[in-house]
Amino acid sequence: MADLTRTCITGYGLPLKDNDVDTDRIIPARYLMTVVFDGLGDHVFEDDRRQLTHEGKCHPFDDPRFRKAKILVVNKNFGCGSSREHAPQAIMRWGIEAIIGESFAEIFFGNCLMIGIPCVTAKDTEIAALQELLEAKPDAEVCLNIEAQTILADRKYYTAGIPSGARSQFLEGTWDSTAELLEGATLVAAKAKSLSYFCGYIK
Amino acid sequence: MGKNLYSKVFDAHVVRTLPSGQYQILIGLHLIHEVTSPQAFEMIADRKLNVAFPGRTFATVDHIIPTSSQSRPFADHVAEEMMQHLERNARRYGIRFFSPDKGENGIVHVVGPERGLTQPGMTICCGDSHTSTHGAFGALAFGIGTSQIRDVLATQTLSMGRLKVRKIVINGQLNRAVGAKDVALYIINKLGVNGGVGYAYEFSGDVCASFNMEERMTLCNMSIEGGARCGYINPDQKTFDYLKGREFAPTGAAWDCAVRDWAAICSDSDATWDDVVAFNAKDIEPMVTWGINPGQSVNVNGKVPVAAGLPQEAAKAILDACSYMGLKENEAILGRKIDVAFIGSCTNGRLTDFAEAVACIQKHNLKVNKSVHALAVPGSVSVRDQLVERGWDKVLAAAGFDFREPGCSMCLAMNPDKLVGNQVCASTSNRNFKGRQGSPSGRTHLMSPVMVTLAAAHGCIVDARDF
């Protein structure tokens, strides 16, 4: 049985500088034409990457310096747009295990939680500093400590924010929620009986 | 002390508090479609679980379905595969499927309400972010991802935290040619695309009271574009009148009990909210998005903003958007040439949206400009049938609109209806992100149905108040 606890994630970082990065960019809609999640990692940010290559530039996800990164560092409102889980799945299947950002769209945050990817927040100045550091030193190891709510990079500490409910789920490994919810089955049945529309209105 | 609707409905559905401090919430209505469900069904089969409440689960096909011919097999083999997965899963677990084979299909957020499935006081979820639409009925309705669909299928519950609630009051009377879509875009412009993160929005005031149910759905639909997880409007007599007689609405004594229960969930007069924002209806003009997110909008006689003098982030956002959209700073949006016009989507694909378009066409004897390809896509077979009954399909076709079968169509790039190259589209849909409508360089301007109709006729964006 795999260890589902997420206490500390350590690895290289990948800086992705932009606000309001939406789910259509994270995974273009044509890749939602699938009945499985396999293979989505290959297509993460595909249109943005192609566009930059076309302009003679290099998207961070194509940059060989960040090829082994496990921790994505982003700005504001990351993951806005659709509720599609394909976006976090694509990021995870590329190899990312945690995301640090100024802020996250709510459904995106929840979808990452559901698949065991912590999204933690940090102040804008600290994010800027981290992104600069990673550009300058792509080999700097980043350690995200969910328990202590800290980020350690290049011997400097930054504060990481995560709501307490999500934090508990990562520390205890209960982010994979089905089993826990199933335990409430008797109470669920009772609650359903108490709601008039569950019983009397169904044709 | 009184409670707001969010608290009443949320509290009524709490099964228990979980060790994490989040709540196990019972879901009253689970809507599924072909894109976000296949993996969820796979996950429950892998874990040898069953669907807990198949009677509270309803399916339709909308994102991938072609709007030209809907005969089977679909031309796109992946679309056909996804359709077959949904058919198999619905059959296996005893889930009612509003399928094209029975002539019952449509966009999930059009089908739920029109069947009377969506009712006040419910918790409603679906693997699609515009699930917020159903909040128009006084329900708590929100979008979820595939793993959460797995949980709802297996347990009819989700783990959720409690949201804060922001009341948005709009009083006064809307100006002529200004409608629900303009109100939605105005609010997002004022509060920002992430202004609502962590909040449920309660829309209230004279304007909401004056809206019919379809207009309320348009407004609630766009809640997510303002960052809010869900948005709702307190139910009233219009809500009850809409529901009466629909397939899944209660009847007889059950109807009387239901109406009493529904009236009781409205926010109390002494309720409190985490914050309250007020807007004046008369300040709202016809709105158009100019940029690459729903918050980058102006009123129709406004101009693209100027980057100079703004903080670096805001300046960069304007320049990036201008570059993608092929617009200049300080350029007027009026007169912006369009190549494609699209009336449809879960935002504006209902009967009254087409009524607005048809009234405009008939009043001014409009014809689609020869440089424009215009699509009219009804939100469901039922909407389509009602348009045909009234002869409006012929009015739209005679005006030069390509009248289609129901589906999500050109809102998003998952079926053959796509922009080509850097085409510019005037659209009644809900997102204008880069590449949203199927071409990596395609450009989207969001606006109301009457604004799209007039743009289609003139080949460019015009002010609906001039007509």
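The values are calculated or read from the model by the stated rules, or taken from the named source; none is laboratory data. Treat the numbers as computed from the prediction; the structure is a model and nothing was measured. Every residue, glycine among them, receives a Cβ derived from its backbone with ideal geometry; neighbour counts consider all protein chains shown. For accessibility, only protein heavy atoms count, side chains too; no ligands or nucleic acids. Shrake-Rupley method; radii C 1.70, N 1.55, O 1.52, S 1.80 Å.
One table, with the values for the structure above:
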item	result
Any hit, the range A:102-112, residues being outside any loop (DSSP other than H, G, I, E, B) and farther than 30 Å from B:SER37 by Cβ	no
Counted residues, the range B:19-33 - those being within 9 Å of chain A (Cβ to nearest Cβ) and open to solvent by less than 10 Å² (accessible area, probe 1.4 Å)	4
Unique residue being out of contact with any Gly (no Cβ under 9 Å at 6 or more places or on another chain) and away from every other protein chain (no Cβ under 11 Å) when the list is B:LYS337, B:LYS303	B:LYS303
Pairs where the first residue, in the range A:64-85, is within 19 Å of B:GLY192 (Cβ to Cβ) and at the interface with chain B (Cβ under 7 Å from one of its Cβ atoms) and the second is of a type in the set (Lys, Arg) and open to solvent by less than 10 Å² (accessible area, probe 1.4 Å), C-beta under 8 Å, 6+ apart	A:GLY81/B:ARG431
Selection count, the range B:131-168, where residues are in contact with a helix residue (DSSP H, G or I) (Cβ under 6 Å, 6 or more places away or on another chain), within 10 Å of chain A (Cβ to nearest Cβ) and part of a strand (DSSP E or B)	4
Within the range B:242-253, considering residues that are open to solvent by 20 Å² or more (accessible area, probe 1.4 Å) and within 15 Å of B:MET217 (Cβ to Cβ), the one farthest from the other protein chains (Cβ to nearest Cβ)	B:TYR242
From the options A:ILE100, A:ILE107, residue that is among the hydrophobic types (A, V, I, L, M, F, W, C) and at pLDDT below 95	A:ILE107
Failed condition for B:GLU80, given (1) at negative phi; (2) in contact with a helix residue (DSSP H, G or I) (Cβ under 8 Å, 6 or more places away or on another chain)	(2)
Pairs, first acidic (Asp, Glu) in the range B:242-267, second in a helix (DSSP H, G or I), C-beta under 7 Å, six or more apart	B:ASP261/A:SER196
Residue in the range A:68-76 that is surrounded by fewer than 22 Cβ atoms within 10 Å (Cβ to Cβ), modelled with pLDDT of 95 or more and more than 14 Å from the chain's Cα centre (by Cα) present	yes
Top-ranked residue of the range B:34-63 - restricted to ones that are under 30 Å from A:PRO28 (Cα atoms) and free of Cβ contacts under 8 Å to residues at least 24 places away in the same chain, ranked as nearest to the other protein chains (Cβ to nearest Cβ)	B:GLU42
Residue satisfying all of: in the range B:40-62; in a loop (DSSP other than H, G, I, E, B) and open to solvent by less than 40 Å² (accessible area, probe 1.4 Å); farthest from B:VAL110 (Cα to Cα) among these	B:VAL51
Selection within the range B:67-83 - at the interface with another protein chain (Cβ under 9 Å from one of its Cβ atoms) and over 17 Å from B:ALA413 (Cα atoms)	B:GLU81
Residues being crowded, with 16+ Cβ neighbours inside 10 Å and hydrophobic (A, V, I, L, M, F, W, C) - total across the range A:190-203	3
Qualifying residue in the range A:77-85 (condition: open to solvent by 10 Å² or more (accessible area, probe 1.4 Å), part of a helix (DSSP H, G or I) and either of a type outside the set (Gly, Ala, Ser) or modelled with pLDDT of 95 or more (or both))	no
Extreme residue, farthest from B:ALA464 (Cα to Cα), among residues of the range B:156-186 that are open to solvent by less than 10 Å² (accessible area, probe 1.4 Å) and out of contact with any Asp or Glu (no Cβ under 8 Å at 6 or more places or on another chain)	B:GLN156
